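Report on the structure given below.
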Amino acid sequence: MTQIVDSETVSAAATSPESPVKHSALTTAGAAVPQPGATPTVLENIPGPEPTPALSAPSAVEATLEDDMEPQNPLTEKFTEAEWKALKEFRSALPETFKEAFPEQDDAGSTSYNLWGVTINPLKPKDARVSVILMKFLRARNLSPAEAKDMLISTLRWRKSFKVDEAMKEKFPEDVFGKLGRTYGKDKDGHPISYNLYGASKDLDAVFSDTQRFLRWRVAFMEESITLLDFETIDQMVQIHDYEGVSMSSRTQASKNAASEASSIFQGHYPEFLARKFFVNVPSFLTWIFWIFKPFLSAATVAKMSVVGSGPKVIGTTLLPLISADQLPKRYGGDADGF
């Protein structure tokens, strides 16, 4: 906020007919005016007012310290020294990154962009929540600023072409998609929990017949789940994929194509949003697929994923140590009514 300070100007009185000046025994310089026949008076040397000390400019050290100050929150306080180093390099390239992402926009390098509810100003990027967002891209690319930059450019371009903001406003058929996705409760660390209920629809042909419509619904559900993250204390979620009701006949070519495209979108444009992922009620014919693809997944990703058995008792044995009973629906071994 700009502070306006009113100043007053003090002027010396001017001699004029309208404002006569009486002569004093002292001149304006403080010297005595000799009077005829009078004994000269010796005036004491009275010191004048002390000069106001000038305000000194911040020292170079103070300026450097101010430049090095980083806004912090509970998540950024956990960054390592190597992560801070990579972040500062990545951050310095934001104007160029935005220019490359939006080449048709002349002022792209100086225009702020809102990503997952966080405004990123490329010219003034020092913000704790911005740091959390950027760190996601860095961690997904092994702290390589160059690779993180490429990933961010790709994500910004994709979001524009996919029209993500419009997808969130679209109305999808309730009878087709209404039961496929839910968010409910939190784990013991505060991560919100999203549920993907693949067997909830009795007409999977309707779900996957239009691949683009399915993808837009799936992205909108992901974005809705992300609104539960504050990027101050929590920046990841728990996902539970429930395959109850899924049969061999459900694995149509259309569903495979849709699942493949959705996986590509989330791997390429939603980095480091997963705290844990559980596959529950998985039919035996699908379990082997996970083990086939396991060698192609990073160790960090595999460590976050668990294939759980079927039924409330078995599922609860795995989930209750991580999720309080009042936050876990009964169908998964908890006490909550759920959905």
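We did not get these values from a lab; they are worked out from the coordinates using the rules stated. Since the structure is predicted, the reported quantities are computational estimates derived from the model, not experimental observations. Glycine also receives a Cβ, built like all others from the backbone with ideal geometry; neighbour counts cover every protein chain displayed.
Shape class for region 154-223, computed from the alpha carbon gyration tensor (a ≥ b ≥ c): oblate, with a/c not under 1.5 and a/b at or below b/c.
Of all lysines in the structure, those lying under 16 Å Cα to Cα from LYS313, and not within fewer than 8 positions of it along the same chain, are LYS330.
Does region 166-332 come out rounded, prolate or oblate, given a ≥ b ≥ c as the square roots of the eigenvalues of its C-alpha gyration tensor, rounded meaning a/c under 1.5 and, failing that, prolate meaning a/b above b/c? Rounded. Judged by the ratio a/c of the largest to the smallest principal axis of the C-alpha gyration tensor, region 77-185 counts as oblate, that ratio being 1.5 or greater while a/b is no larger than b/c. Measuring between their Cα centroids, region 257-290 and region 126-152 lie 23 Å from each other. Going down the table (LYS202/LYS277; LYS256/LYS277; LYS136/LYS304; LYS149/LYS256; LYS124/LYS149; LYS136/LYS188), which pairs top 27 Å between alpha carbons? Distance filter (> 27 Å) returns LYS149/LYS256.
Near ASN73: Cβ cut-off under 11 Å, other residues only, Lys/Arg at +1 and Asp/Glu at -1. The net charge is -4.
Of all lysines in the structure, the ones whose alpha carbon falls short of 20 Å from that of LYS163, not counting any fewer than 8 places away in one chain, are LYS99, LYS171. Charged neighbours of GLU83, selected by a Cβ distance under 14 Å, balance to +1 (K, R count +1; D, E count -1). Mean sequence separation of contacting Cα pairs (under 8 Å, at least six apart), scaled by the length of region 166-332, corresponds to a relative contact order of 23 percent.
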